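Working notes for the structure below.
The values are calculated or read from the model by the stated rules, or taken from the named source; none is laboratory data. Note that the structure is a prediction, hence the values are computed from the model and not measured. Glycine also receives a Cβ, built like all others from the backbone with ideal geometry; neighbour counts cover every protein chain displayed.
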Amino acid sequence: MPGIDAPDEIDVIAEDVDGAALLSIVQRGPWTADGAERQRLKRKLATYLRYVKDGQMVSTYPTLTGRPVVIALMYEHPLPQALLEYWRRRGEATVRDGITLTTRPLAETVWQA
């Protein structure tokens, strides 16, 4: 899984258990305590937002047309506070575009093909 080290790639697109279009950023391994990954995460999120807002997602997956969009940051190890705060603030902005940002532990993740 590419994760934030591949900022121009979409990691996973699926239908969430509630029917939403779920775009997942999958990050394996520990985070640094100081949130040094923020720039890479910022670039990765920008890629995801363009993919949704520019219509590429529904062009590639027409069955996702009209579905709520959730971008989930999936993790093995809990995020440091600096990254959680960044994700929360970005989520306040993306909700105006109808896009929800969330975080989820990988152990609790359910994807439907």
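Going by what's in this entry, would Arg28 be described as loosely packed, with under 14 Cβ neighbours inside 10 Å, in contact (Cβ under 8 Å) with a residue 12 or more places away in the chain and of a type in the set (Lys, Arg)?
Details: loosely packed, with under 14 Cβ neighbours inside 10 Å: yes; in contact (Cβ under 8 Å) with a residue 12 or more places away in the chain: yes; of a type in the set (Lys, Arg): yes.
In short, yes.
Can you tell which of Arg50, Arg67 is free of Cβ contacts under 8 Å to residues at least 60 places away in the same chain and surrounded by 17 or more Cβ atoms within 10 Å (Cβ to Cβ)?
The match here is Arg67.
Within the stretch 27-40, can one find any residue that is under 13 Å from Arg104 (Cβ atoms), of a type in the set (A, V, I, L, M, F, W, C) and at pLDDT below 95? Steps first, please.
Taking the stretch 27-40 as the starting set, the residues that turn out to be under 13 Å from Arg104 (Cβ atoms) are 27.
Right, trim to of a type in the set (A, V, I, L, M, F, W, C) and you get none.
For the stretch 27-40, residues under 13 Å from Arg104 (Cβ atoms), of a type in the set (A, V, I, L, M, F, W, C) and at pLDDT below 95: absent.
Determine which single condition Leu22 fails, assuming it passes every other condition in (1) exposed (fewer than 12 other Cβ atoms within 10 Å of the Cβ); (2) at pLDDT 90 or above.
Exception for Leu22: condition (1).
Does Val12 satisfy the criteria of being under 14 Å from the mean Cα position of the chain (by Cα), touching a residue at least 60 places away in the same chain (Cβ under 8 Å), surrounded by 13 or more Cβ atoms within 10 Å (Cβ to Cβ) and under 21 Å from Ala82 (Cβ atoms)? Steps first, please.
Details: under 14 Å from the mean Cα position of the chain (by Cα): yes; touching a residue at least 60 places away in the same chain (Cβ under 8 Å): yes; surrounded by 13 or more Cβ atoms within 10 Å (Cβ to Cβ): yes; under 21 Å from Ala82 (Cβ atoms): no.
The answer is no for Val12.
Take residues that are among the aliphatic types (A, V, I, L, M) and within 13 Å of Ile4 (Cα to Cα) and tell me which of the helices (runs of 4 or more DSSP H) falling wholly in the stretch 20-110 contain 1 or more. Reasoning before the result, please.
Details: elements: 38-53, 56-60, 81-94.
Hits in the stretch 20-110: 38-53, 81-94.
Is it the case, given these coordinates, that Val58 is over 25 Å from Thr32 (Cα atoms) and either in contact (Cβ under 8 Å) with a residue 60 or more places away in the chain or in contact with a Ser or Thr (Cβ under 6 Å, 6 or more places away or on another chain) (or both)?
Details: over 25 Å from Thr32 (Cα atoms): yes; either in contact (Cβ under 8 Å) with a residue 60 or more places away in the chain or in contact with a Ser or Thr (Cβ under 6 Å, 6 or more places away or on another chain) (or both): yes.
Judged against the criteria, Val58 is a match.
May I ask you to verify whether Tyr86 is surrounded by 13 or more Cβ atoms within 10 Å (Cβ to Cβ), among the aromatic types (Phe, Trp, Tyr) and touching a strand residue (DSSP E or B) at 6+ places or on another chain (Cβ under 9 Å)? Write out each step before concluding.
On the way: surrounded by 13 or more Cβ atoms within 10 Å (Cβ to Cβ): yes; among the aromatic types (Phe, Trp, Tyr): yes; touching a strand residue (DSSP E or B) at 6+ places or on another chain (Cβ under 9 Å): no.
In short, no.
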